[in-house]
Amino acid sequence: MSFTPHVVSPPVLGIFGGGQLGRMTCVAAQALGHAVRVLDPDPHCPAATVCNELITAPFDDAIAAQRLALGCAAVTVDLEAVGLDAMRAAAQHAPVRPSAEVLEVVQDRQRQREWLRAGGFPVPKVLHAASRAELASALQEVGRPAFVKATRGGYDGKGQVRVQSDAQAEEAAELVAQCPVVVEQNVDFLAEISVQVARSPSGQWRAFPAALNHHEQQILQWTLLPAPVADDVLAAAIGLARGLADKLELVGLLTVELFLLKDGTLLINEMAPRPHNSFHTTLGHARTSQFAQLARAVLDLPLGETDVFGSVVVANLLGEQWDPAGGLNVSGVLQTHGVDVTVYGKRVARAARKMGHLTATAETPQGAFAAAEEAMKTLGQTLAPSPLLD
Ligand code: AMP
């Protein structure tokens, strides 16, 4: 039998956002036989060296969004802060998954909380403030400590102030002078967990087990998969995420961050319709990574199995760990048994900027945590413990 060689023209996936999430999605989609076109304002974004084509443009540029979508099998996002008009412009040329309607619900914290409350989903008490006076009365009402967060655009502790002291209240007042904020009561949680569901255009869905997360200064410090939580907590958390994804008619991934209270109650902190830092553990340590799952969902391919191999801890590597002369001490980290490193290729190291992560695996949660701790020690960093690992 003769086979005539021919040029392969792969289908194209478009991604708004070329950060580390976009970069890892590129690799996953390429492994499924796709080319990837990324739109990002930064020509040196982490996905730049990995994607097949980069469009350098702001996230609200409707013309560039059309160029992104033209000829694509689907378009997805690696962040929430994409202009809705740009999303709608892209949708004229390719299915945009998640849709502009989903982003509209999630990209404003106030709106997201109202949507959740109106749908009967459990959320912590939250107030809204658009002036110093409104902030003062909201702080009075919720008490201290309180969390004051910009309604839009904040992430990894940016645009957020935990208000305990008067100096922090003044910092929050400076924030509200620039943009509206939400003011939240402090939730006295036992632990933070997150769940992630994938949903395909036909409504097929799959969920990973829950992740146990620990934040320091409002930034994820480490995450463990699977979280050592009771079966009923896990079922309730996944049930919530599935209910949310169905109600949003979402196609792609939905990650839901939850507060687990001492009595087993779950409150929704926030949801993100995209891959999430707390599921980087799936990369190489679950049958399907979250990035492959996203690609499968938005490209309408069968969803992958979500079982996890052993226990996996991911600890974030922030800009502080990059020495100006020598960069990250990769060699030191890799000396720990069961530990691997993923670096995102960012050109500028800044304090609190996520630059990469290390992954530690073991047979038990305690073993994985101990290995991550040992590896982080080589960088002069300790990991905060969790009561769920005692
Ligand atoms: P967020 O950006 O809203 O996810 O907040 C980042 C982290 O700050 C959360 O994961 C918690 O660790 C902490 N945090 C935020 N809001 C609250 C709250 N209302 N009560 C207690 N901790 C909070």
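None of the figures in this text is laboratory data; all of them are computed from the coordinates on show. All of these numbers come straight from a predicted model, not from anything done at the bench. Neighbour counts run over all protein chains shown; Cβ positions are idealised from the backbone, glycine included.
Tabulated results
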read-out: Where Cα atoms sit under 17 Å apart: lysine pairs in the chain separated by 8 or more or lying on different chains; value: 4
read-out: Euclidean distance between Cα centres, segment 57-86 to segment 146-179, Å; value: 30
read-out: Mean Cβ neighbour count within 10 Å, used as a protection proxy, ranking 372-383, 307-318, 290-301 highest first; value: 290-301, 307-318, 372-383
read-out: Size descriptor, Kirkwood hydrodynamic radius, that averages inverse alpha-carbon separations across segment 42-200, Å; value: 17.9
read-out: Relative contact order of the chain, defined on C-alpha pairs under 8 angstrom at six or more residues apart (%); value: 13
read-out: When the convex hull of its Cα atoms is projected in every direction, mean area for segment 317-372 (nm²); value: 4.0
read-out: Calculated P(r) of segment 57-103 - Cα pairs past 12 Å, %; value: 50
read-out: Hydrodynamic radius (Kirkwood) for segment 118-208, which is based on Cα pairs only, to one decimal in Å; value: 14.8
read-out: Cβ-placed point charges (K, R +1; D, E -1), dipole of the chain about Cα centre in debye, nearest 20; value: 680
read-out: Amide proton proximity set for His215, modelled H, under 5 Å, gap of 5+; value: Gln221
read-out: Alpha-carbon centroid distance for the pair segment 374-390 / segment 335-365, whole angstrom; value: 13
read-out: Backbone HN-Hα couplings from phi across segment 279-292 [Karplus 6.51/-1.76/1.60, Hz, Gly and Pro as x]; value: 10, 5, 4, 6, 6, x, 10, 10, 4, 10, 6, 4, 6, 5
read-out: Radius 14 Å from Cβ of Arg199, net charge of other residues (Lys, Arg +1; Asp, Glu -1); value: +3
read-out: Alpha-carbon Rg/Rh ratio, for segment 23-90, with Rh computed the Kirkwood way; value: 0.93
read-out: Charge context of Leu301, other residues only, Cβ under 15 angstrom, K/R +1, D/E -1; value: +3
read-out: Positive dipole terminus of the chain, leading residue within Trp222, Leu328, Met376 (C-beta point charges); value: Leu328
read-out: D_trans [Stokes-Einstein, Kirkwood Rh over alpha-carbon pairs] for segment 252-390, 37 °C, 0.692 mPa s, µm² s⁻¹; value: 198
read-out: Rh by Kirkwood over Cα pairs, then Stokes-Einstein D for segment 122-168 at 1.567 mPa s and 4 °C, µm²/s; value: 114
read-out: Residues of segment 338-372 with amide N under 14 Å of a point placed 7 Å along Cα→Cβ from Lys158; value: 347-355
read-out: Förster radius 45 Å - calculated FRET efficiency between His128 and Val348, Cβ distance, rounded to 0.05; value: 0.85
read-out: Cβ crowding within 10 Å averaged over residues, with 99-108, 153-162 ranked highest first; value: 99-108, 153-162
read-out: Cα pair distances exceeding 20 angstrom across segment 167-307, given as percent; value: 49
read-out: Shape of segment 203-272, Cα gyration tensor, a/c cut at 1.5; value: prolate
read-out: Kirkwood-based shape ratio for segment 1-114, expressed as Rg/Rh from alpha carbons; value: 1.05
read-out: Neighbour net charge for Gln221 - beta-carbon separation under 13 angstrom, K R +1, D E -1; value: -4
read-out: Amide H partners (placed H, <5 Å) of Leu317, local residues excluded; value: Met355, Gly356, His357, Leu358
read-out: Debye log10 I(q)/I(0) at q = 0.07, 0.15 Å⁻¹ for the chain, Cα point scatterers; value: -0.32, -1.51
read-out: Directionally averaged projected area (convex hull, Cα atoms, segment 170-220), nm²; value: 6.3
read-out: Within a Gaussian network of the chain (alpha carbon springs, distance under 10 Å), most fluctuating of Ala325, Ala129, Ala150; value: Ala325
